[in-house]
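Computed from the coordinates by the stated procedures, all read-outs in this text should not be read as laboratory data. From a predicted model like this one, the values you see are computed outputs, not experimental measurements. No Cβ is skipped: glycine too gets one built from the backbone with ideal geometry, and neighbour counts run over all protein chains shown.
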Amino acid sequence: MTSRILRPVRAGRRTTQPRSAAAPRGVRLPLVAAAVVAAGLTAACGPTSQPVGSASPSAAGQSSQALPAGTESASASAEASSTASASPSASASTPPGSSPTPSRAQTTSAAPKPPRTSAAPAPARIPGPGYDSSADAQKQIDAALSAAKADGRMVLLDFGANWCGNCKAADKVFAQPQTAAILGASYHLVKVDIGGNSSANSALLRKYSPSGGSYKMPVLIVVTPSGTVRTDTHATGNPSLTSDGINSFLRQWAS
């Protein structure tokens, strides 16, 4: 087997490289034979060791596998950089160490406003018993009419005298709680003294009760906020001067 392989090698050596005159034949033959033997062992058993400076197939395979690994590391670094570039926006929107919280408008709904209710007007002032002869009756009536225009109440004119028994009886009923409540809720009461010598007060009586004649006190006249007379007891007669009689009269003309 050695002689068969050796011949082609010799032929090749003749054609490709001239034999050196300095090297003796007996020295080169063992080198060629050793190379042929090594080549035959390699072909028969496979390589057991690699010459220095040559790359092994496994190393080549590893280097070929290392290229995708490098590619993966490059893509991983690109993903890391994209994640890092996206993270500042998230950190800018949410402060560090705090969790995002929904806005107040999302978490809470506006509480419904309670319906507006118009407060009931305060009860009107009720004058005490008796009649003030020194009072300016016209001024008091004007003030009562102005207040009536503002709150819609009626004006009750009470013409009487301090010496009149029926007027005192009516004053006692006016002071009772139930009657006082009706008066305060529905009327502005003005008491006018006609028992003295006041011509001005007598003129006011004739203005609101123009029928004339002899007046039976007290004369109770209900006037609207515009100044129109609704009822005049000088013309209709006084109600019973009791709580039932006066209360019924007040309720009737309150609206």
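Which pairs, out of K172/K216; K168/K207; K139/K216; K168/K191, put more than 20 Å between their alpha-carbon atoms? Don't jump to the answer; show the numbers that get you there.
Values: K172/K216 18 Å; K168/K207 24 Å; K139/K216 24 Å; K168/K191 12 Å.
Listed pairs above 20 Å: K168/K207; K139/K216.
Can you list the residues, at least 5 places off or on another chain, whose amide H is less than 5 Å from the amide H of T231, using H built in the peptide plane?
For T231, the qualifying residues are V222.
Once you place label points 7 Å from the Cα toward the Cβ at A235 and S198, how far apart are they in nm?
Reported label-point gap for A235 and S198 is 2.4 nm.
Quick one: 3J(HN,Hα) in Hz for the range 203-220, Karplus 6.51/-1.76/1.60 with θ = phi - 60°, rounded, Gly and Pro as x.
Taking θ as phi minus 60°, the curve returns 5, 5, 5, 5, 5, 8, 9, x, 5, x, x, 8, 8, 9, 7, x, 9, 9 Hz for the range 203-220.
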